[in-house]
Amino acid sequence: MGGVRREGRGSGVGGSRLRRYGSTGRTRTMCLAALGVVKVATPDQIRRLMCPGTKDAATVRGGLKDLETEKLVISPGSAVRVNDDGVRVTEKLWTLTPAGLEAAAVVLDRPAREMGGTAKAAAASGAKHARAVTDVLDAFLQTPPEPTQPVVRKHQLAPAAPPAALVERPEGLGPLTAWSTEAVLPVGGTFLSPARGSLRADMVFASPGHDVTPLLFVEVDNGTEGPPIVADKIERYRRFFARRVSLAGREVPLWRTVWPASPRDGYPPVALVFTKNVGQLAMQTRMREVGELAREHWRGEWNGDGYAPEGQKPDGYRDYDRTVPLLATTLRLLAAHGPHGPVWWRYGHASWQPLVEALDNPDDYRAYSVRAEARRKAQEAELERARREQEAERRRLEAGKWVCPTCQRFVYPADGLTPGGECGPCHADRRRAAEAAQEQTEQPPTGGGIFGRRRRT
């Protein structure tokens, strides 16, 4: 076969002598996996997703061209980007063929019916939104670069330069196989035949048992749609999450028939990633407008308990049972700090937070129940303190009691009583008797005497 080199074997991402363009099986597998998830991408985007340790996209391009020879991928269009040096670069856009979709399904270990379409039409038109989705996925994954050996090119005169030092990237949210794109969310109808008004999630992360979030839906905002349209998507997310179907004799949420359960109250979280490079004020304004328009879909219902200590607001909690946890960030922040950095603005929270904190509901029933339990324990402690004081007083009185010498009843210490003396009633009786006797003694005579009236005879 003309052009096929057979002078050796290669197993890394650098190159091989078994294919026309020198790609290895690993490189071709990475290309299939990447396009199986994002559907359309440039070689440089695939490089950043799968092998950011390589110097450039030449390795990926070789893999794509070998896959093209096998009729597994095609390049129906191109895109223009500005590189790090500020130079406009035109790159081919690659997508899978139907046969490539089946091959990618094997690589990703997914049913072929879940692979979606080939995105050929999007690639032909430049795939602006699809490319933005791929950039966002790269920012989420933060694939760590691995060291590679320089590829020896044909007719290369000088030895290849040693690889540059690897740049450490923040922790990502992966692996790639946990992500999917263009997921159908039917507000009516079925997944295969969704009703009008249904939407497609730009990205979905699904990883059962993940310690931060087993499920996350992502919407990529390029700034081409107004805030009302973006807010309307949140409303449709809520409608989809609210749908229930009968399964094994019981009703379950429709989304639970496809994706893992969320460990928190409410529906699965939705993250908005704003990709348009605008000023900070413009970005904050857009984020705020979207949040205000979608408020009823993310803001929990307040339940007050009437408990209001002096000078404080009444206590209570928010019920997030039927609301959408809505987060927002920018592509710039996400790419710089990764999904676990303090890059998330959770609508209803007061500051930028890491993902695990942004997904929490600090004002839900859990937090309220902690406060209520603390109040209950404080009240119990106060009652116990009062009981102990009463018991101590009782013991003091018992220890100091004596027998009244007059009535022979027990007398307990009290103000005005003399230890060993009479009890209060006896003392009061004695005092009244003394007062009465005193009054009797001081009373003047009523007849006779020098000035008395003489009785007539």
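The values are calculated or read from the model by the stated rules, or taken from the named source; none is laboratory data. Quantities reported herein were computed from a predicted structural model and do not represent experimental measurements. Note that we place each Cβ from the backbone using ideal geometry, even for glycine, and neighbour counts take in every protein chain shown. We work out accessible area using only protein heavy atoms, side chains counted, and drop any ligands, DNA or RNA first. Shrake-Rupley method; radii C 1.70, N 1.55, O 1.52, S 1.80 Å.
Before moving on, here are some points about what is shown:
- Filtered residues of region 183-192 (kept if surrounded by 18 or more Cβ atoms within 10 Å (Cβ to Cβ) and not in a strand (DSSP E or B)): Pro186, Val187
- Matching residues in region 108-128 - criterion: being open to solvent by 50 Å² or more (accessible area, probe 1.4 Å), assigned to a helix (DSSP H, G or I) and over 14 Å from Ser180 (Cα atoms): Lys120, Ala121, Ala124, Lys128
- Of the residues making up region 260-287, those that are open to solvent by less than 70 Å² (accessible area, probe 1.4 Å) and free of Cβ contacts under 8 Å to residues at least 40 places away in the same chain are Gly279, Ala282, Thr285.
- When the test is whether a residue is modelled with pLDDT of 95 or more and surrounded by 24 or more Cβ atoms within 10 Å (Cβ to Cβ), Leu72 does not pass it.
- Filtered by the rule that a residue be part of a helix (DSSP H, G or I) and either surrounded by 10 or more Cβ atoms within 10 Å (Cβ to Cβ) or of a type in the set (S, T, N, Q) (or both), region 393-406 gives Glu393, Arg394, Arg395, Arg396, Leu397, Glu398, Gly400.
- A single entry from Pro263, Pro228 fulfils the requirement of being more than 22 Å from Leu192 (Cα to Cα), over 20 Å from the mean Cα position of the chain (by Cα) and of a type outside the set (A, V, I, L, M): Pro228.
- When Gly209, Gly172 are screened for being modelled with pLDDT of 95 or more and within 26 Å of the chain's Cα centre (by Cα), only Gly172 passes.
One line per residue, one yes/no per condition, for (1) more than 57 Å from the chain's Cα centre (by Cα); (2) open to solvent by less than 60 Å² (accessible area, probe 1.4 Å):
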residue: Asp321; (1), (2): no, no
residue: Leu326; (1), (2): no, yes
residue: His340; (1), (2): no, yes
residue: Trp352; (1), (2): no, no
residue: Tyr368; (1), (2): no, yes
residue: Ala372; (1), (2): no, yes
residue: Gly416; (1), (2): yes, no
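- Residues that are open to solvent by 10 Å² or more (accessible area, probe 1.4 Å), of a type in the set (Asp, Glu) and in a helix (DSSP H, G or I) within region 45-69 comprise just one, Glu68.
- Between Phe191, Phe241, the distinction of being more than 21 Å from the chain's Cα centre (by Cα), more than 20 Å from Leu333 (Cα to Cα) and touching a residue at least 24 places away in the same chain (Cβ under 8 Å) belongs to Phe191 only.
- Within region 24-40, being assigned to a helix (DSSP H, G or I), closer than 13 Å to Gly117 by Cβ and within 28 Å of the chain's Cα centre (by Cα) holds for Gly36, Val38.
A quick yes/no check of all residues on (1) open to solvent by less than 30 Å² (accessible area, probe 1.4 Å); (2) more than 23 Å from Val133 (Cα to Cα):
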position	(1), (2)
Thr177	no, no
Thr181	yes, no
Pro194	no, no
Val204	yes, no
Val220	yes, no
Arg244	no, yes
